[in-house]
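The values are calculated or read from the model by the stated rules, or taken from the named source; none is laboratory data. Source: prediction; values computed, not measured. Here Cβ is always computed from backbone atoms with ideal geometry, including for glycine, and neighbour counts include all displayed protein chains. Heavy atoms of the whole protein, side chains included, go into the accessibility calculation; ligands, DNA and RNA do not. Shrake-Rupley method; radii C 1.70, N 1.55, O 1.52, S 1.80 Å.
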Amino acid sequence: MRSLKTGALDHSHKFTKHIARVNGERIFAGLLTVTNENGEIRTCHLVTTTGHSQSVLMLSELSHSLERYGHDQPNVLFTDNVAGDWNLLESVFHSSFWKDVVRIEDYAHLEELKIPAGISIAVKNTISLACQTIMDNLAEKELVVGFDSEWNIDFSANGRIQHRGPTAVIQLAFKDQIFIFQIGDMLADGRLPSQLWVFLENPRFLKVGRLINADLKNLQSLSHSPNPFLGTIDPAKLAKQWPPAQVLESTNLEAGTPVLLRSLDNKSIIASGNIGEAPPQVPIWGDPLLISLPRRLFAEHYKAKASQPKSAVHSVFATQVFVGSLSVPDGVRLYYAQVYPYLMYSSEVVVDVSKKDVDAMEGIQTSYLQRLNGVGPRVALGPLRALAGVMDLELRQVISALNQGQYALNQHDNHFAKRAMRGSIADYCEFGS
């Protein structure tokens, strides 16, 4: 009945040396033990082989035990053979291992976040001198400084966060320097260096950071400061105060301009991309309309979205470890519950989409149907889709395009969507593409 939020798995061969042998041969190859975050033995089994065939039985029973007694599944398991044990552990604890984890491939299209080469990082013991160096640069009304703080957190026996500890480290980013101040011992005595105190109280020094208000309030409380620490800017709040501008007919877009595609009800953002080339303003029937040159404006969106249904497919077939082979009817139900929502959502994100982008989604659908029916890649897809009652994504794309076209044509003549549709029709009639 012990919990297992974080654990360690290992085969021990010392114990089995003390067990009697039969005809000089060992009966058991080792003792497989799993310990939890408190160093308690959660389960241990004698195994006749160190292979996965017996390990999966023990780990599956462990997973069922955790569920039976109301415990969460483990988030982290340590092993001395990560590469060899990964597939085994993921097949048993897949849902918990990937909970709240952002896969690298989801953001593979983004540049890696690095500290620029010209930036220096210094851990400062002379905090007052470093703060004075920053404050000496106050030549105008305000000076912007990046700010962040770190602290320890205390966990309960079941792995839940009880409360945060006092601030231990603060970081200031100014020009081409990052200063790191270790202030844990000072705050334990209820004090701060004088120049740091002046810096935090002065509203002319604008401290920029995520949840900066909470960080400074905590510092003020721990240092017993009678005056509030002022001059804060939270980038998240600032972004909400300045939402993206709406693209109108007269909007002049430049290359590299970020673009957001909103749902028809304007309640959510369903895609993002960048203008690859500056679109010219072309007069159509006397009205200037913007024509977007890149045909694969949302290619990166499709690439990122493809990783989600891949993960869902893996989760579905991982259940075979517990229930055996999936029947086709059960597999179809799981497809519509776990995989199809991602494929449908991505196929409807934009009408003018390249077939290359849809191919990534179609490949996932095809792979699922082939695995479910136990057939190879040479089998015709039409009968598989008909048997499962699954719609071809290209057909759904056509249906989506017709729905969007119907929506545009039903608007008033000056509506942007209708004018864009008219422009597209005229463009097709003139250029044939």
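Worth a mention:
- Cβ separations smaller than 8 Å between residues 6+ apart or across chains give the following pairs from segment 9-26 residues that are more than 30 Å from Ser63 (Cβ to Cβ) to residues that are in a loop (DSSP other than H, G, I, E, B) and hydrophobic (A, V, I, L, M, F, W, C): Ala20/Ile27; Arg21/Ile27.
- Asp85 meets the stated requirement of being of a type in the set (Asp, Glu), under 30 Å from Glu25 (Cα atoms) and in contact (Cβ under 8 Å) with a residue 60 or more places away in the chain.
- Qualifying positions in segment 373-423 - hydrophobic (A, V, I, L, M, F, W, C), without any contact (Cβ under 8 Å) to a residue 40 or more places away in the chain and within 30 Å of Ser325 (Cβ to Cβ): Val375, Val379, Ala380, Leu381, Leu384, Ala386, Met391, Leu395
- Number of the exception - Arg378 against (1) exposed (fewer than 14 other Cβ atoms within 10 Å of the Cβ); (2) modelled with pLDDT of 80 or more; (3) in a loop (DSSP other than H, G, I, E, B): (2)
Yes/no per residue for (1) within 23 Å of Gln338 (Cα to Cα); (2) assigned to a helix (DSSP H, G or I); (3) of a type outside the set (A, V, I, L, M):
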{"site": "Tyr368", "(1), (2), (3)": "yes, yes, yes"}
{"site": "Pro383", "(1), (2), (3)": "yes, yes, yes"}
{"site": "Leu402", "(1), (2), (3)": "no, yes, no"}
{"site": "Gln406", "(1), (2), (3)": "no, yes, yes"}
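- Matching residues, segment 192-211, being farther than 24 Å from Ala139 by Cα and crowded, with 16+ Cβ neighbours inside 10 Å: Leu192
- Asp215 vs. criteria of a type outside the set (A, V, I, L, M) and surrounded by 15 or more Cβ atoms within 10 Å (Cβ to Cβ): yes
- Checked against (1) open to solvent by 70 Å² or more (accessible area, probe 1.4 Å); (2) at negative phi; (3) among the charged types (D, E, K, R), Lys175 meets all criteria but (2).
- Residues that are open to solvent by less than 10 Å² (accessible area, probe 1.4 Å) and among the aliphatic types (A, V, I, L, M) were ranked within segment 359-372; the one that is farthest from Leu326 (Cα to Cα) is Met361.
- Tally of residues being at pLDDT below 85 and of a type in the set (D, E, K, R) across segment 141-177: 5
- Only a single item in (1) modelled with pLDDT under 80; (2) closer than 27 Å to Phe93 by Cβ is not met by Tyr368, and it is number (1).
- Every pair of residues 6+ apart whose Cβ atoms lie under 8 Å, when the first sits in segment 306-328 and is closer than 19 Å to Glu61 by Cα and assigned to a helix (DSSP H, G or I) while the second is among the charged types (D, E, K, R) and open to solvent by less than 40 Å² (accessible area, probe 1.4 Å): Ala318/Glu90
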